[in-house]
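Heads up, the thing below is written out as structure tokens.
The values are calculated or read from the model by the stated rules, or taken from the named source; none is laboratory data. This is a predicted model, so every value here is computed, not measured. Using ideal geometry, Cβ is built from the backbone for each residue, glycine included, and neighbour counts are taken over all protein chains shown. Note: accessible area is taken over every heavy atom of the protein model, side chains too, but ligands, DNA and RNA are not part of it. Shrake-Rupley method; radii C 1.70, N 1.55, O 1.52, S 1.80 Å.
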Amino acid sequence: MAVKVYGAEMSTATVRVLMCLEEMGAEYELVPIDFSTGEHKSPPHLARNPFGQVPAFEDGDLMLFESRAISRYVLRKYKSSGPDLLRDGNLEESAMVDVWLEVEAQQYEKAISAIYIETVIKPVFFGGVPDEKVVAESVEKLGKVLDVYEARLSESKYLAGDFLSFADLSHIPYTHHIVASPHASLFESRPHVKAWWESLASRPAYKKFEALKRFGVCSALERCSWNKTFTFFPFKLECRKTMFADGVHKQLCLLLLLRRHGLR
Ligand code: GS8
């Protein structure tokens, strides 16, 4: 029986899990959670994820939440059918994977998600003006993080060593969006970071995902122009029809994302 991922393709945390399933060639079912009806806060979903968030994961009787924990489970479960991305059999290498996964979660995501929300989500979807102070602070913060990455990646091909690991893959969901944005220079100006991203973006799992336009927000953004702004309220339905023809729930998911970041 195929495992189930409850989530949404516009959710970076859901995409993290889906990328791992794709890497391992696993059979899975993505069960869409409808934010527009509050399904993520409904008793059945709270039973899957007590924080009322996506993703949640089901494998028979086993229910999991938290995208990085789910991903590790997936990588262990399908170990024999894909690359060894956790290095469980090697104490030192697996420790390095843990180190860089923590860096991704604690340093990288904090800086990059704020840039994404301010410069992409807010103006494109809400007709808002980015808070330049937050952008400048976050760009500086991400730049400093990427300086550490540049130094690290001048010593080894990937973050945890000369082997691809989950620590690298875990960067894909947010980086995918920012390398296609006006802040791409943060990556392009650092040759080792640039080469590292190019290597990740050339993975068949990523290419398949990208070709199928499965990065939800990105596929919505492709239908917008960078300079065009949209008023989200009170035209919810129009936005849904024009921008989210392939998934109404994505709009509400964005709203919640903004709330989480204190923007609305
Ligand atoms: C974060 C999940 C999360 O923020 C993880 O799984 O890695 N640490 C968790 N999910 C968002 C969607 S964006 O990926 C979500 O479900 N937000 C709705 C809410 O917070 O109510």
Those residues of the stretch 181-217 which are of a type in the set (A, V, I, L, M, F, W, C) and modelled with pLDDT under 80, in sequence order: Phe209, Ala211, Leu212, Phe215, Val217
Hey, Met19 farther than 27 Å from Lys79 by Cβ, touching a Lys or Arg at 6+ places or on another chain (Cβ under 9 Å) and either modelled with pLDDT of 95 or more or not polar (S, T, N, Q) (or both) or not: no
Tabulated pairs, the stretch 50-65, first farther than 18 Å from Ala26 by Cβ, second open to solvent by 20 Å² or more (accessible area, probe 1.4 Å) and aliphatic (A, V, I, L, M), C-beta under 7 angstrom, 6+ apart or interchain: Gly52/Leu46; Val54/Ala13
Filter result for Lys157 (open to solvent by 20 Å² or more (accessible area, probe 1.4 Å) and free of Cβ contacts under 8 Å to residues at least 12 places away in the same chain): no
Residue check for Glu66: at pLDDT 95 or above, within 13 Å of the ligand (Cβ to nearest atom) and either touching a strand residue (DSSP E or B) at 6+ places or on another chain (Cβ under 8 Å) or within 28 Å of Lys141 (Cα to Cα) (or both): yes
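Yes/no per residue for (1) farther than 20 Å from His171 by Cα; (2) within 19 Å of the chain's Cα centre (by Cα); (3) among the polar types (S, T, N, Q):
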position: Thr14; (1), (2), (3): no, yes, yes
position: Val17; (1), (2), (3): no, yes, no
position: Leu21; (1), (2), (3): no, yes, no
position: Thr37; (1), (2), (3): yes, no, yes
position: His40; (1), (2), (3): yes, yes, no
position: Asp59; (1), (2), (3): yes, no, no
position: Leu62; (1), (2), (3): yes, no, no
position: Ser71; (1), (2), (3): no, yes, yes
position: Asp98; (1), (2), (3): no, yes, no
Wholly enclosed helices (runs of 4 or more DSSP H) of the stretch 28-129 bearing at least 3 residues open to solvent by less than 40 Å² (accessible area, probe 1.4 Å) and over 28 Å from Glu150 (Cβ atoms): none
Residue, farthest from Ala69 (Cα to Cα), within the stretch 1-27, restricted to residues that are open to solvent by less than 10 Å² (accessible area, probe 1.4 Å), assigned to a strand (DSSP E or B) and more than 10 Å from the ligand (Cβ to nearest atom): Val3
Residue, farthest from Val148 (Cα to Cα), within the stretch 184-197, restricted to residues that are assigned to a helix (DSSP H, G or I) and touching a Leu at 6+ places or on another chain (Cβ under 8 Å): Ala195
Where a residue in the stretch 1-13 is within 12 Å of Val74 (Cβ to Cβ) and its partner, wherever it lies, is near the ligand (Cβ under 8 Å from one of its atoms) and part of a loop (DSSP other than H, G, I, E, B), with Cβ under 6 Å and at least six apart: Val5/Pro55
Which numbered condition Lys144 misses (of (1) assigned to a helix (DSSP H, G or I); (2) touching a Phe, Trp or Tyr at 6+ places or on another chain (Cβ under 7 Å)): (2)
Selection from the stretch 160-180 of residues that are of a type in the set (Val, Ile, Thr) and either open to solvent by less than 20 Å² (accessible area, probe 1.4 Å) or at pLDDT 95 or above (or both): Ile172, Thr175, Ile178
